[in-house]
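All of the numbers you see were taken from the coordinates with simple rules; none came from a lab. Just so you know, these numbers come straight off a predicted model, no measurement behind them. Using ideal geometry, Cβ is built from the backbone for each residue, glycine included, and neighbour counts are taken over all protein chains shown.
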Amino acid sequence: MTHRQVSLVLATSLGLALAASVSAQERTPPAPHCMDAVGVQEVEQASPRSIALRAASGRAYRIDFNEDCPGVRGATSLKLEAPAGWACGRPSERVVVDGRRCAVTAVTPLQDRDYASVARDSDRLRTATLPAVTIRERREIRRSFGGSPSYCFATRNVRAWSSDPQGMLVETNPRRNGGHRYYRVELGSHCRQLDRAPQLSFRSGMQNGLICGNPGDRIMTAEFENGDLRNDALAPLPQYTRGSCAIQAVYPASSQASN
């Protein structure tokens, strides 16, 4: 997956900048909810009334506007005007989209789960509006959904997993998943098979090797049948009972004990 790299390039190419020149060292926010606008990493938009951002610290925020401010993802020039580089929802703050000034009414910290949901919806909207590609046979093909490390992990990069009351925690290769080592996986219902499954795999509903909480994303389990004598040297090969559990949401977790 290369979406995170694309997002970083996107933020740079859009000219995401500050109205004031400030130092990124030893900065203290004027209020606990304020976002440090220096070095914003990602910008997502799933609604014209708000955007979601990932700050340089890794924390996620939502910025609300007083009226519709569409086109952030497709803008060629994007600027955040915030006094001293802190976005807090003050009357003087603006997001400038290709010269259009959108007044900021609120800045709110987001949980990783909520940011992942916005990023997923943002990508789906962008994919739905991409122009079709015409190939030699004159057939038109819509560009496919690619996913993002903000709400997806690649099945080939899974290193380990563990289950808990919240669902599952998956360890991946951070170099291959946008720097994220752990992902929280929420299930549609309690998956009792996880506690005793000797084998487990992931099935992508989009059939692209990405697990994002899309329809059809599932955990595939296999457990030994009752009465199997797999420790008996004379016993036949183990017999498995296969099952599956629906995946509802996926988002990065900062550590093994996160979220």
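Taking each residue as 0.36 nm, the span from ALA56 to HIS190 lengthens on full extension beyond its C-alpha to C-alpha distance by 44.7 nm. Its Kirkwood hydrodynamic radius, worked out from the mean inverse distance over all distinct Cα pairs, puts segment 87-129 at 12.4 Å.
How many nm separate the modelled label positions at ALA103 and TRP161, each set 7 Å beyond the Cα in the direction of the Cβ? Each label point lies 7 Å from its Cα, and together they span 4.9 nm.
Given in Å, the Rg to one decimal and the Dmax to the nearest whole number for the Cα atoms of segment 165-208 are 12.2, 32.
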